[in-house]
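Q: Take a look at the following structure, please.
Rule-based calculations on the coordinates, nothing more; no lab input. All values reported here derive from a predicted model rather than from experimental measurement. Quick reminder, even Gly has a Cβ in these numbers, built from the backbone with ideal geometry, and neighbours come from all protein chains shown.
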Amino acid sequence: MDVERTYGEVATKARQSLRDVERAPGARKPNPILTADNIRREFGGIIAVDVDHFEVQEGSITALIGPNGAGKTTFFNLLTGFDQPNSGSWTFQGKDMSRVASHRTATLGMVRTFQLTKSLTKLSVIENMRLGATDQKGEKWWNGLFSAVWKGQEDEITERADELLSRFQMSHMRDEYAGALSGGQRKLLEMARALMTNPTLVMLDEPMAGVNPALKQSLNEHIRGLRDQGMTVLFVEHDMDMVHDVSDWVIVMAEGRIIAEGTPDDIAKNSAVIDAYLGTRQGQSLLEEE
Amino acid sequence: MDWNLILENSLKGFIGINAVYFAIAALGLNVQFGYTGLLNFGQAGFMACGAYGLGMTAHYFDISFWWGIPLGILFSVVLGLLMGIPTLRLRADYLAIVTIASAEIIRLVVRSVKFKTYFGGSDGINGFSSSFRALGNDFGIEEADQYGFWPFKFTGRELWVLIVGWLIVAVFGFVVYKLMKSPWGRVLKAIREDEDAVKSLGKNVYSYKMQSLILGGVIGTVSGMIFALDRGSVQPDNYSRDLTFYILTALVLGGVAKVSGSIVGSMMFWGLFTFMDNFLRQVAKDPVSIGNVTIMKSTQVGQLNFILIGITLILLMVYRPQGVFGNRKEMAFDGR
């Protein structure tokens, strides 16, 4: 895809900040929001993730790509506390996250979505959205009975939820059960719901899986929109067109390790990546140099 | 066939004390199972906490009857913590196993000879409820008098328990309704749908599940208290597995995740149960036989009644899985 794109102020800044970064696995970034060191996760004898160093530049859109079984989702789970590594440490905004419970990560500003969408089917769309807001007074059981305590906050939350829904063109589905949404709409809902937590880092696990091409374009726009509002985006994706179209920086994983980093253009030309995706001579590990 | 008697007893069953304590227990179970998706198969254990809380005031502690209420609630909170701490981090099935086992452990401990000094062994505990009945007399309901009109005729003793019971149903019904409309209830319902999604949005799922388990348990405890007060005694074998499953049946009959479902479901369960029982008893006054083969004797009425209840439930599940008050639309999204 050779669409000539003009970049906004924020996007240009993000791209400039990454211009001088070394094109190598584990490259240091000028302003990392998320860093990880020596993360290792084994399932029985299989090493699913073995990452020496990993950084995500603040305010950028970073794509995490790799063939099936590369350990991308496992790595995601480790970073968000949904799984525990055998060893390693990672920080978010300078804070050590190794001892932070998974539900705390969202309140700290790091929110994730799932590869298989987790829309809460028997709740309405607007209830799904409201659930996303953090620090709700009405979520304490002793306040539950006294609607006067939380009514005001609930109204604010609803207003914010309605704004987000209209931004994602889902206002007409507001009062439907989430179970009545199509697969693509569920993806949108999950993303919008994640934004209700007011995150600084949004982690999307395969946002394009099962989404039709028309909706992909608008999802791309939404992801760019997140960056332009000052959020950092890290996403896992298989769709190379989309990665090329939307990301500022690409990190490639294969067999649990990071094998390449660079701008989308660099990666498209990288022979190690092409080998990882298209296969190499039989019996040869992807990690060995030619 | 005395249709008048059948009708009278059925209507009494519909609003009687059995329906009351079932309704309260079902409300508690609804919080856990209907709203949060926690498979608690040990509601009888929580009910036993309440009953023994009351009973032990007279039998062991020798303190005022009224201390039995906080004591029973304390027991059930401790039980909820004991059940929840090891299992709520795991998948729902584990909770089911642990709850059914804990309820049985409680029953076997309280009926054991070893702890007879505390719990009265298999004889249970009697004679603790006089203060409660005295309060009824203070309100002007004479224990021995007959009150009401056809078909709802009760003795003063029954009436007093019924009034207190239905008041408690109303209060808990209101509390559960309000809580489930609040953001707190929203989190519980979301946990029922998908724990990981809720966790990813920054909610402490473990803590919410614990709160739900304990709230439902405490409501169940109050149900056990009403049960004990009506009988005027605490019998360990009343709190066995079948009690839990009948309550679950009543809940599903009415429709899960609906306050009205737990209440009306319990009323219907007992209305139906009493009707069938009375009807079959009338039929079996003389042994029913075709030729010289006896089909049913009066001693078999109980068994047949349970068989029919079972069949009714199966039919209900097939043709109306959402229960009487459930929402068909919600059920449609259950294909997970």
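Q: Within 10 Å, count the other beta carbons around each residue, average over each peptide in B:310-321, A:130-141, B:105-116, B:252-263, and list them highest first.
A: So the order, starting with the most tightly packed, is B:252-263, A:130-141, B:105-116, B:310-321.
Q: Shifting gears a bit: Taking the 0 to 90 degree range and rounding to the nearest ten, how far is the long axis of helix A:213-228 tilted relative to the main principal axis of chain A, both from C-alpha atoms?
A: Helix A:213-228 sits roughly 90 degrees off the main axis of chain A.
Q: When Cβ neighbours within 10 Å are restricted to other protein chains, what is their mean count per residue of peptide A:127-139?
A: What the average comes to for A:127-139 is 5.
Q: For the stretch B:243-260, just list the computed ³J(HN,Hα) in residue order, Karplus coefficients 6.51, -1.76 and 1.60, θ = phi - 60°, integers in Hz, with x standing in for Gly and Pro.
A: For the stretch B:243-260, the Karplus curve yields 4, 4, 6, 5, 5, 4, 4, 4, 4, 5, 4, x, x, 6, 6, 9, 5, 4 Hz.
Q: Is there a simple number for the mean count of other chain Cβ atoms within 10 Å of the Cβ of residues in A:76-85, and what is it?
A: Partner Cβ neighbours, averaged per residue: 1.
Q: Let me know the whole percent of all Cα-Cα pairs from the stretch B:165-243 that are separated by more than 19 Å.
A: Looking at the stretch B:165-243, the distances longer than 19 Å represent 51 percent of pairs.
Q: To continue, here is another question. Principal axis extents for chain A, Cα atoms only, whole Å, descending order, please.
A: 67, 43, 34
Q: Find out how many positive minus negative residues lie around residue A:239, taking Lys and Arg as positive, Asp and Glu as negative, among other residues whose Cβ is under 10 Å from that of residue A:239.
A: Computed value for this residue: -3.
Q: Under a 5 Å amide H to amide H cut-off, with H placed in plane at 1.01 Å, what residues pair with residue A:234 once short-range neighbours are removed?
A: A:62, A:202, A:203, A:204
Q: Using only the Cα atoms of chain B, build the gyration tensor, take square roots of its eigenvalues as a ≥ b ≥ c, and label the shape rounded, prolate or oblate: rounded if a/c is under 1.5, else prolate if a/b is larger than b/c, else oblate.
A: Oblate, because a/c is 1.5 or more while a/b does not exceed b/c.
Q: Over chain B, what is the mean sequence separation of C-alpha contacts under 8 Å (at least six apart), divided by residue count, expressed as relative contact order in percent?
A: 31 percent
Q: Given that compact globular proteins tend to follow 2.2 N^0.38 Å, what is the ratio of the alpha-carbon Rg of the protein assembly as shown to that value?
A: 1.21
Q: A follow-up question, please. Could you run the Karplus curve 6.51 cos²θ - 1.76 cosθ + 1.60 with θ = phi - 60° over the stretch B:193-202 and give me ³J(HN,Hα) per residue in whole Hz, x for Gly and Pro?
A: So the J values, rounded to whole Hz, are 6, 6, 4, 5, 4, 5, 4, 5, 9, x.
Q: Once amide H atoms are placed 1.01 Å from N in the peptide plane, what residues at a sequence separation of 5 or more from residue A:48, or on another chain, have their amide H within under 5 Å of its amide H?
A: A:41, A:42, A:43
Q: Quick one: which residues, 5 or more positions from residue B:296 or on another chain, have an amide H under 5 Å from its amide H? H modelled 1.01 Å from N in the peptide plane, none for Pro or chain starts.
A: B:288
Q: Karplus couplings for the stretch B:11-26 from phi (6.51 cos²θ - 1.76 cosθ + 1.60, θ = phi - 60°), rounded to Hz, Gly and Pro as x?
A: Calculated HN-Hα couplings, in order: 5, 5, x, 4, 10, x, 5, 4, 4, 5, 6, 5, 4, 5, 4, 5 Hz.
Q: Given a cut-off of under 8 Å on Cα pairs at least six residues apart, what relative contact order in percent is computed for chain A?
A: 26 percent
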